[in-house]
Amino acid sequence: MSESPIKFRVAICGGGVGGLTVAYALSKSPHIQVDVYEAASKFTEIGAGVGVWWRTRQVLKTLGLEDDVIRLLSFLPGDDRVLSIQYRKADQPEGQDMGPMFSRGGLLGIHRAEFHETLLNRLTERCRTFTSKRLQSYTQSPDRDVPILLEFHDGTTATCDILIGADGIKSVVRKRMLQEAAVKAEVLKRDAEAAELRNMIEPHFIGVYTYRTIIPSEKLISISPQHRVFSSPIQYLGKNRHIMAYPISRGRFINFVAFDHHPDQEGTHFGEAWVTNADPEHVSKMYDGWEREVSELVQCLDGLKITRWAVHSLETLPFYSSGNVAILGDAAHAMPPFQGAGAGQAIEDALVLSTLLAHERTTKRNAQQVLEIYSRVRQPVATEVARRSRVNGEYFSLRPLRSDFTLPSLKEVTGRIQENFEWVSETDAGLDLERAIELLQTES
């Protein structure tokens with residue numbers, strides 16, 4: 001039996017969750033050759049837990065990955081409206097219950113590295129992988145018959161017909177794409193537009209530090225066997241600080257993230273390394289005087305490796321594609337981490353992009369138009385999720401509360417948080433996919 005003819009070659013720069021999800025989905029097509037270029041010396045993921053909401057789970061189901069995710073859980077998730085997160089005002093010796101948040105299917109906690117390994121294992125022979133290939137630049141010709149040239153830091157080159165930038169918040173692909181758009185705007189004497197595009201290239205510090213680790217459940221059990229975190233995800237809120245914790249790896253670990261907000265630093269230049277190791281004692285002292293449950297959690301930090309992240313995000317980009325080049329995930333819409341939606345949005349990007357590229361109507365000749373459809377469908381959705389995430393950051397740091405922190409105002413904050421999360425269980429990414437396919441069928 002002869003092999004199926006290749007319609008085009010897709011290069012994916014970046015082997016994180018977003019890049020591998022789109023690689024896996026495209027590698028199932030017999031007519032697409034996929035090459036994944038990872039900058040690191042091996043495929044790996046940094047970070048610990050990933051929250052999977054009902055909307056994301058439906059996307060994974062469409063991609064054929066839901067069963068893989070369920071195998072990473074200690075229970076079988078359903079579609080009923082269930083407790084998702086418990087909220088407590090905890091920056092005092094006696095904490096206050098702020099009320100629960102419910103959502104369809106709840107919040108599923110999985111280990112990022114375990115999901116990443118699953119994606120690697122699901123790649124087909126149509127996908128080739130390369131490591132130690134950090135993109136330096138790319139060149140795209142106006143002639144559609146001329147392939148895109150990729151140049152890597154090690155001096156090697158490669159070519160492709162379509163380039164997908166899944167290279168994270170510091171994306172080289174985004175930088176090149178926006179620079180080219182700015183130059184075109186300057187040629188047309190649209191200097192204000194050009195300046196705005198250049199301002200979108202680099203991420204900005206949002207004045208938030210996160211401290212991340214995973215706590216062995218046995219360690220917490222030895223201190224507090226009935227700790228609330230074992231029953232559901234929980235957030236402990238305080239003025240300009242909060243903690244998010246939930247079980248992962250079938251309950252073997254607790255994903256722990258501590259947030260430290262500095263509103264006065266938002267928008268300032270952050271000249272240090274974005275990710276560094278942190279002293280467990282320093283993190284513990286940040287929560288001195290908080291309620292007992294928090295003290296029990298931070299006691300477990302002793303001896304653990306904790307990473308401090310200076311959180312950056314992007315300005316809202318007007319487009320996610322240019323010519324035969326597209327960006328996805330953090331390269332396109334890196335957002336604050338207050339919706340638990342960064343990975344989920346990258347997965348949605350991957351679904352729409354891979355479905356459009358694998359469609360029978362898509363060819364090398366109309367690829368630019370297809371990528372524009374992807375951009376038009378995904379950009380408004382990701383922009384709205386990022387907006388909600390920024391608003392949630394205000395709620396989680398208790399900045400909108402009245403000065404007396406009375407219980408009615410705490411309940412009101414929880415209610416607003418609940419409303420801000422409605423999209424994760426009340427909306428369906430499948431509708432966006434249907435719209436994208438309809439646009440492809442009517443415009444191509």
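Could you tell me the distance between the Cα centroids of region 246-302 and region 213-232, to the nearest Å?
Here the two parts' Cα centres lie 16 Å apart.
With every protein chain left in place, what is the accessible area per residue of region 164-253 in square angstrom, probe 1.4 Å? Before the final figure, lay out each step's value.
Numbers: 4010 Å² over 90 residues.
Using a 1.4 Å probe on heavy atoms only, each residue of region 164-253 averages 45 Å².
Return the equivalent ellipsoid semi-axes of region 228-379 as a descending list in whole Å, where each equals the square root of 5 times an eigenvalue of the C-alpha gyration tensor.
After scaling each eigenvalue by five and taking roots: 39, 19, 13 Å.
Counting helices only, and only those DSSP H runs with n ≥ 4, report the 222 nm mean residue ellipticity of the chain as the sum of -39,500 (n - 2.57) divided by its residues, in deg cm²/dmol to the nearest 500.
About -11500 deg cm²/dmol.
In percent, how large is the relative contact order of region 101-152, given Cα pairs closer than 8 Å and 6 or more residues apart?
Normalised by residue count, the contact order of region 101-152 is 24 percent.
Which whole-number value in Å² is the accessible area per residue of region 23-66, probe 1.4 Å?
On the way: 1400 Å² over 44 residues.
Per-residue accessible area for region 23-66 comes out at 32 Å².
Given Ala358, Thr414, Val298, which one lies farthest toward the positive end of the charge dipole of region 288-444, if we put +1 on the Cβ of every Lys and Arg and -1 on the Cβ of every Asp and Glu?
Of the candidates, Ala358 comes out farthest on the positive side.
Would you mind counting up the charge near Ser74? Only other residues with Cβ under 9 Å from its Cβ, with Lys and Arg at +1 and Asp and Glu at -1.
+2
If you fit an axis through the alpha-carbon atoms of helix 54-63 and take the longest principal axis of the Cα set of the chain, what angle between them do you get, 0 to 90°, nearest 10?
Rounded to the nearest ten degrees, it is 30.
Under a Cβ-only charge scheme (Lys and Arg +1, Asp and Glu -1), can you give me the dipole magnitude of the chain about the Cα centre, in debye to the nearest 20?
In debye, rounded to 20, the chain gives about 320.
Which of rounded, prolate, oblate describes region 35-126, given a ≥ b ≥ c as roots of the alpha-carbon gyration tensor eigenvalues and a/c under 1.5 marking rounded, otherwise prolate only if a/b is larger than b/c?
Oblate, since a/c reaches 1.5 and b/c is not below a/b.
Per the 1.4 Å probe, what fraction of the accessible area of region 1-156, in percent, lies on carbon and sulfur atoms?
Ligands and nucleic acids excluded, carbon and sulfur give 48 percent.
Sequence neighbours fewer than 8 away in the same chain don't count; with that in mind, list the lysines whose C-alpha is under 28 Å from Lys89.
Lys219, Lys239, Lys285, Lys305, Lys411
Of all beta bridges DSSP finds with both residues in the chain, what is the antiparallel percent, to the nearest 5?
Here the share of antiparallel DSSP bridges comes out near 70 percent.
To the nearest 10 degrees, how steep is helix 112-122 against the longest Cα principal axis of the chain, on a 0 to 90 scale?
30 degrees
How many percent of the accessible area of region 163-297 is carbon or sulfur, using a 1.4 Å probe?
Details: 3130 of 6210 Å².
Of all accessible area on region 163-297, carbon and sulfur atoms account for 50 percent.
To the nearest 10 degrees, how steeply does helix 17-27 sit against the main Cα axis of the chain, on a 0 to 90 scale?
Roughly 40 degrees between the two axes.
State in Å² the accessible area per residue of region 283-363; use a 1.4 Å probe, count heavy atoms of protein chains only, and round to the nearest integer. Let's see the in-between values first.
On the way: 2400 Å² over 81 residues.
Here the residues of region 283-363 average 30 Å² of exposed surface.
Any idea which of Ala113, Thr276, Phe230 is furthest toward the positive side of the dipole for the chain, if Lys and Arg beta-carbons carry +1 and Asp and Glu beta-carbons -1?
Checking the options against the dipole of the chain, the answer is Ala113.
For region 280-336, what is the largest minus smallest coordinate of the Cα atoms on each principal axis, given in angstrom and ordered from greatest to least?
Answer, in whole Å and largest first: 55, 21, 16 Å.
Lys170: which aspartates and glutamates have alpha carbons under 12 Å from its alpha carbon, excluding same-chain residues fewer than 8 sequence positions away?
Glu202, Asp330
Sort 163-175, 209-221, 349-361, 369-381 for me by packing, meaning the mean count of neighbouring Cβ atoms within 10 Å per residue, highest on top.
Going by the mean number of other Cβ atoms within 10 Å, highest first, we get 163-175, 349-361, 369-381, 209-221.
On a C-alpha basis, how far is the centre of region 352-425 from the centre of region 152-169 in Å? Whole number, if you could?
Their Cα centres are 28 Å away from one another.
Toward the positive end of the charge dipole of the chain, about the Cα centre and with charges on Cβ (Lys, Arg +1; Asp, Glu -1), which of Asn199, Gln265, Leu72 goes farthest?
About the Cα centre, the residue reaching furthest to the positive side is Leu72.
The values are calculated or read from the model by the stated rules, or taken from the named source; none is laboratory data. All of these numbers come straight from a predicted model, not from anything done at the bench. Don't worry about glycine lacking a Cβ; one is built from the backbone with ideal geometry, like all the others, and counts go over all protein chains shown. Note: areas computed on protein heavy atoms with side chains; ligands, DNA, RNA excluded. Shrake-Rupley method; radii C 1.70, N 1.55, O 1.52, S 1.80 Å.
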